[in-house]
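A short write-up of the structure that comes next.
What follows is calculated from the coordinates using simple rules that are stated; it is not laboratory data. Because the structure is a prediction, the values reported are computed rather than measured. Using ideal geometry, Cβ is built from the backbone for each residue, glycine included, and neighbour counts are taken over all protein chains shown.
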Amino acid sequence: MTDGLDIDCDELVEIVTDYLDGALDAGTHRRVSEHLAQCDGCATYVEQMLETARIAGTLRAQELRPDMRERLLGAFRGWKAAGTPPG
Amino acid sequence: MDVRQSGRAGAAPGAAADDGDGALVRELRAGDERVFAELVDRMTPAMLAIAAGYVPGRSVAEEVVQEAWLAVLTGLDRFEGRSSLRTWVFGIVVNVARRRGARERRSVPFSDAFAFAGEAGDEVGPTVDPGRFRGRDDEWPGHWASPPRPWDLPESALLAGEVRDRLRAALDVLPPRQRMVVHLRDVQGLAADEVCAVLGIEPGNQRVLLHRGRARLRQALEDYLNGDRA
Ligand SMILES: [Zn+2]
């Protein structure tokens, strides 16, 4: 048995984000990489965490409630009307 | 809406790289409402998520965001470009929301106040159902008993409306502090150190909140995708 499997899968899923952010010490990082190379379940889990983050990145242009948007644009017009100092 | 979404990858006007911030600020000061509207569309969801981490209820959070946008406009002359425009704006929301949160806590009973204090997001326990792993007396304790099945969806399907709707719904019901961090890291694409600076939290805490939030969102997608195809 190789190093990678001395991390159990139920432990690995709790350090996925530390792993992806490069926050693990070098030895643990390497053991996670080795585990992922041998374990389809964990490899799929990590892949899906990345996929989830990627899809979240497509939500940036969420629609705003129209009344809120209108209030904000109204506030902008108010600010503009009050401001506009000459020169 | 589709134009803006596809624009995220590149060339949407106003969806600027940081070095475009100076130009954006000049356009705002010149009163360009189109530029303001784009910033509002792009940043307000994350601002609402931040506000919800400090104050109770959607309507108070909306008031905080409106006050923050006004503070942004009246403070444009003080924007020095030392941070990106985004992190500057998010920092203003945090300040307004903190002040408002402190005021709200003084005016409501303590137990109610505590329910929206940040600590509510600091749950403990595993992020994956322990029932999915083999028991301690198994030959392979702690290893998958029911591993996740690959999604294997084509790009078009992953980005299709329904998957995104499902993710958005799950994001909206995350515990407030997890929701703030996921919005800033994954939706807005801020770096970890920017998120720590904006929210005033430690890197380890930031990763815990991100991890718990992402794990819940992944599970929501798994429920949907595998349930749908079973
Ligand atoms: Zn594993």
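Details
- The mean number of Cβ atoms from other chains found within 10 Å of a Cβ in peptide B:139-149 is 5, as a whole number.
- Ranking of A:Tyr45, A:Tyr19 by neighbouring Cβ atoms within 10 Å, starting from the fewest: A:Tyr19, A:Tyr45.
- Angle between chain A longest axis and helix A:26-38 axis [Cα atoms, degrees, rounded to 10]: 80
- Cα→Cβ-extended label distance, 7 Å offset, between B:Thr74 and A:Arg71, nm: 1.7
- Burial order of peptide ranges B:36-42, B:189-195, B:177-183 (average beta-carbon count within 10 Å, highest first): B:177-183, B:36-42, B:189-195
- Relative contact order (%) - chain A, alpha-carbon pairs under 8 angstrom, separation at least six: 27
- Theoretical gain in end-to-end length, B:Ala145 to B:Arg29 [0.36 nm per residue, Cα-Cα removed]: 35.9 nm
- Segment B:Ala169-B:Ser59, extension gain: residue separation times 0.36 nm, minus the distance between their alpha carbons: 37.7 nm
- Packing, taken as the mean count of other beta carbons within 10 Å per residue, orders the peptides B:47-54, A:52-59 from highest to lowest as B:47-54, A:52-59.
- Pair A:Asp6, B:Asp137: separation of 7 Å Cα→Cβ label points (nm): 2.8
- Every helix of 4 or more DSSP H residues in chain A counts as -39500 (n - 2.57), and over all residues that averages to -19500 deg cm²/dmol at 222 nm.
- Exposure proxy order (Cβ contacts within 10 Å, fewest to most) of B:Ile92, A:Ile15: A:Ile15, B:Ile92
- Partner chain coverage, peptide B:213-225 - average Cβ within 10 angstrom: 4
- Between A:Ala37 and A:Glu14, the C-beta separation translates, for a Förster distance of 30 Å, into a calculated FRET efficiency of about 0.95.
- Peptide B:45-57 shows a mean partner chain C-beta count of 1 within 10 Å per residue C-beta.
- FRET efficiency estimate (nearest 0.05) - Cβ-Cβ, B:Ala197 to A:Glu47, R0 30 angstrom: 0.50
- Tensor-based shape of segment B:171-211 (alpha-carbon gyration tensor, a/c under 1.5 rounded, otherwise prolate or oblate): oblate
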